[in-house]
Amino acid sequence: MEKKTIKKNYSFKIKLIKKYNESYYDKNISLVSDDVYDTLKKDILKLEKNHSFLNSKFSPSENVGFKPSKNFKKVAHKVPMLSLGNAFSEKDLDNFEKKIKNFLSLEEKIKIYYNAEPKIDGISASLTYKNRKFYKGLSRGDGKEGEDITENLATISDIPKVISSKDFPEEIDIRGEVFIQNSDFANLNYKFANPRNAASGSLRQKNPNDTQKIPLKFIAYTFGYEKGLLVENQSDFIKKLSEWGFKTNPLNKIICGVKNLIKNYNEIEKKRANLNFDIDGIVYKVNDFAMQKRLGNVASAPRWAIAHKFSSNKAVSKILDIEIQVGRTGALTPVAKIKPINIGGVIVSNATLHNEDEINRKDIRIGDTAVIERAGDVIPHILSVDTTKRLKNSKKFEFPNKCPSCGSETIKEFNTLTKKTDAVRRCSSEDYYCKKISIEKLKHFVSKEAFNIDGLGKKIIEGFYKLKFIKFPQDIFQLDYDKVEKLEGWGALSVKNLKYSIDQKKNISLERFIYSLGIRHIGLENAKLLSKHFVSFSKFKNLSKTKKYEDLLNIDGIGETQVKSIKRFFGNEINLQVLNELEKILIVKNASIIKNNGLLKNQSFLVTGKLNGISRAEAKSLIEENSGITASIVSKKLNYLIIGEKPTKRKVESAKELKIKIINQDEFLKILNKTS
Ligand code: IVH
């Protein structure tokens, strides 16, 4: 390549990193993900290595971090705050240890002990103590010069202001990480993309009162300048830190040998998702201070320490399109179609955008370059977009206010329980009007927990719907198999098998049947409760005539939300037709056959108050399984009133008046020959 082109390419990258740095350190806004930033940094360093004529004072080779924000006074670190080299593999660790042994001219068999410290992904700070008092607190800045953020750091309760231990050095810079716990981050009113940004933002507030509002933590792990420190190794230093009143990482460990470092790395990586703080690797430090001193530093990193990074499950790709998917309940879910990319061995071409709010919050647009994360088995999602790579003519994504499938208005519901507007926008159409909703309802109808029809997968349902073979659930049982057989990919045998599995499923339990209808808020558990309540299909269907919806509130577990949804379902003419048609085709078994000669035969019970160890719903089913009757009011017909904790006074009083036997939980279990 021509020198001119190389220079041009280099200065473009320098300009970019300068912009990212300024935004991050001055405005506290992260324009790109860590991955994008690291790649850019690596590119610049590589160019400089290959072409000695390249240099810039804005290059990362000149600065450990970046110049601190102008808002705070700059103060030089007495001892620079270094960065760490990275290791990604066992080979990298072998090299790290080899270099140490070479440098110190140690024999191969000599054992080196390391202190392994999970690397918290936060903001580093240096706290100067003079005469056992917190004197000054600095941010890292460019490693040589930091910002005076003493007042902000002083608001952190993990940072001791006065130290009483007599063996605390006369003067010392205690260094560590300021961070925010994931649980606290989750409770913050949204403002930052991740806990790290939240910690950084909080520390940079002009007014310390604002810093105090965010629950920051501090974990100490090293020191800078010191006068009078009487410790010989890192693990003893960590012990001392904790005696002096600092928080230290509970997962720190002394380890010897690369194989054991790897073992610990794998164990910690497994725990990673369940920790309350983000870690991005493990820092290994030669434990012995005398050895550390001999090893010294290379450029801006020590020879005696390295960061063993966790492999990233993130990647950068382009958003080709944003599609709106319509779910069974009408929810509109935006999905980003991305340029296919390999993330941790899996080719990803779709990433969920969750909902409208998420798109607005992150200002995600078609054509954007985005960071996509794939964690475990969950659907990949967009972490952030790189606004600097955005084309000039890019437009804000307009979330449709009409359903993309049927054109109906879309609405955001108001939840009366939480008193909040739903984040999800929904198609407002009624059941089976919207094509996409219908297809999703049919998929649900044949799904595993519903009719569980073998050979009728999602793709087939979609195909049959498009060919107008099916529109409503009943159509599945009246398929024109001659037409199916003529379709490409179908033959006599596969059609025969399909017919067999569909016919076989005409027998179904009431609870599965209710579940298969896909009434919103009626999942498996609620379908079970409803089936026990109604016992038969005809009684269930009759609800549209009796309209006794409010009675359903007496069922333990069924609340206003469910009742509202059931009412809506029965209020729709098409649903009633579906029920009528299905009644003609199916054999719906009555709810669990109750024993007629059980222990509680001809006895009625009513529970009031909270029972110990079992729910009211469970007590009810216990009664019914043993041929008892569960009553909902105290009347002359009632045999027993079972009282738990805080019973309803009126029920107890009327039972007394009517001379009904009042028993407690133990007495009830005794009747059942069960002891608690
Ligand atoms: S030691 C010379 N110990 O990692 C040693 N750093 O890339 C440098 N970090 O700026 C620091 N946990 O923000 C050290 N236990 C730990 C650490 C740790 C997190 C961060 C720190 C530092 C960066 C180095």
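A few points about this structure:
- For SER89 and LYS547, a Förster radius of 51 Å and the Cβ-Cβ distance give a FRET efficiency of 0.15, rounded to the nearest 0.05.
- Only Cα pairs under 8 Å and 6+ residues apart enter the sum, and on that basis the relative contact order of segment 252-345 stands at 19 percent.
- Relative pair counts by distance (%), Cα atoms of segment 400-487, 10 Å bins: 15, 37, 28, 15, 4, 0
- Residue pairs exceeding 30 angstrom between C-alpha atoms, taken from LYS3/LYS78; LYS314/LYS389; LYS419/LYS548: LYS3/LYS78.
- Coarse-grained scattering of the chain at q = 0.05, 0.10 Å⁻¹, given as base-10 log I(q)/I(0) from a Debye sum over alpha-carbon atoms: -0.40, -1.07
- Translational diffusion coefficient (Stokes-Einstein; Kirkwood radius from C-alpha pairs) of segment 616-673 at 37 °C, 0.692 mPa s, in µm²/s: 276
- Exposed chymotrypsin sites (Phe, Trp or Tyr not before Pro) absent - longest run of the chain, DSSP non-H/G/I/E/B, at most 13 other C-beta within 10 Å: 191-676
- Computed Rg/Rh of segment 499-608, alpha carbon atoms with Kirkwood Rh: 1.00
- The length gained on full extension between ASP386 and LEU104, counted as 0.36 nm times the residue separation minus their Cα-Cα distance, comes to 97.0 nm.
- Mean projected area (nm²) of the alpha-carbon convex hull when segment 137-177 is viewed from all directions: 3.5
- Working note: Cα atoms of segment 73-168, range along each principal axis, descending, whole Å: 48, 33, 23.
- By the Cβ rule of 4.7 Å, the chain holds the following cysteines without a possible disulfide partner: CYS256.
- Note on segment 561-676: the alpha carbon radius of gyration divided by the globular reference 2.2 N^0.38 Å gives 1.37.
- Two-decimal Rg to Rh for segment 213-269 - Kirkwood Rh, Cα set: 1.05
- Look at the alpha carbon pairs under 8 Å that are at least 6 residues apart: their mean separation over the length of segment 120-181 gives a relative contact order of 47 percent.
- Binned Cα-Cα distances of segment 292-362, short to long, each 5 Å bin given as a whole percent: 3, 13, 14, 14, 11, 9, 7, 7, 7, 6, 4, 3, 1, 0
- Taking 7 Å steps out from each Cα toward its Cβ at ALA301 and GLU151 produces label points 3.7 nm apart.
- Helix-only mean residue ellipticity at 222 nm for the chain, each DSSP H run of n ≥ 4 adding -39500 (n - 2.57), per residue, nearest 500: -10000 deg cm²/dmol
- Distance from segment 618-665 to segment 397-429 (C-alpha centre basis), Å: 44
- Separation of the LYS412 and CYS256 label points, Cα + 7 Å toward Cβ, nm: 6.1
- Take every Cα pair under 8 Å whose residues are at least 6 apart in sequence, average their separation, divide by the length of the chain, and the relative contact order is 8 percent.
- Segment GLU573-LYS46, length gained on full extension (0.36 nm per residue, minus Cα span): 182.8 nm
Just so you know, all these numbers are worked out from the coordinates, no wet-lab data involved. This structure is a prediction, so every number in the text was calculated from the model and none was measured. Note: ideal-geometry Cβ built from the backbone for every residue, glycine included; neighbour counts use all protein chains shown.
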